[in-house]
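Derivation of every value follows stated rules applied to the coordinates shown; laboratory data play no part. Note that the structure is predicted; figures quoted are calculated from it, not measured. Note that we place each Cβ from the backbone using ideal geometry, even for glycine, and neighbour counts take in every protein chain shown.
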Amino acid sequence: MKQEDALSLLQPYVDGELDAATSLELERYVMGDAIARAQLARLRSLSSALRAAADYHVAPASLRSGILSGTRGAAAPPKGSTRHVPAHWLRSVGIGVAAAAFASIATVALLGPTQQDLTEHDIFAAHARATVSDRLIDVASSDQHTVKPWLSARLGFSPPVPDLSGRGFELAGGRIDVVGGQRVAVIVYRRRQHMIDVLVRPAREETPSAKSRDGFNLNHFTQNGMSFWLISDLNANELGDLARLLVASAGP
């Protein structure tokens with residue numbers, strides 16, 4: 001089973017919609033994939049929270065009486081006649097249908113991953129893939145005037161590549177990776193023994209964030225029309241320091 005297939009099956013698995021064979025195959029896969037396990041845990045947590053917070057209401061007496069009054073009598077009206085359905089019954093049914101539709105939409109909104117969730121997943125996956133394959137760097141250099149032209153020549157934009165070695169973050173090089181089906185610049189910094197990926201692409205409508213997952217810290221911000229995603233096993237405070245240095249170097 002491929003990772004993308006497993007991730008697409010997590011929601012129906014949580015909802016109990018998979019057959020036994022597929023469920024077993026997915027469970028075996030998830031045991032060996034930290035990203036899939038984390039996504040499954042989030043879906044289960046959201047599902048539990050939704051059930052715990054949901055309000056359940058007994059149907060009002062007016063709805064019951066309206067249904068009975070609207071259906072009482074012959075099952076088939078006399079030929080040529082029409083049966084009058086009370087207006088209050090239609091209003092009650094309309095409200096109930098609208099409420100059910102709203103609840104369904106809210107459930108999808110709560111349990112379904114957002115575009116930013118998917119982007120974050122791709123970034124975690126890209127960093128893990130590069131780390132496992134030992135391909136963190138395509139162009140190895142501590143010279144920003146080497147790394148920046150190399151990246152720009154392979155992308156449709158020119159990412160900023162500041163030299164922050166004087167602030168404790170040594171430029172190690174760069175590479176090209178893929179996030180959301182699009183090529184992005186990855187600037188690689190080194191802090192002691194920790195490697196830090198800084199993924200850069202033209203900015204989109206994304207919310208600044210800082211979070212941890214599976215031993216990695218993630219920090220995201222936008223500046224001067226560019227979106228920056230920092231990911232590393234470096235502690236969150238120092239990763240935040242790098243984020244602030246990048247913001248300052250990019251200017252207002």
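Quick notes on this one:
- Yes/no for Ile176 being over 18 Å from Leu246 (Cβ atoms) and either in contact with a Pro (Cβ under 8 Å, 6 or more places away or on another chain) or buried (at least 16 other Cβ atoms within 10 Å of the Cβ) (or both): no
- Residue match in segment 184-197 (condition: acidic (Asp, Glu) and surrounded by fewer than 20 Cβ atoms within 10 Å (Cβ to Cβ)): no
- Residue list for segment 199-252, filter: surrounded by 14 or more Cβ atoms within 10 Å (Cβ to Cβ), of a type in the set (S, T, N, Q) and not in a helix (DSSP H, G or I): Asn217, Asn219, Thr222, Gln223, Ser227, Ser232
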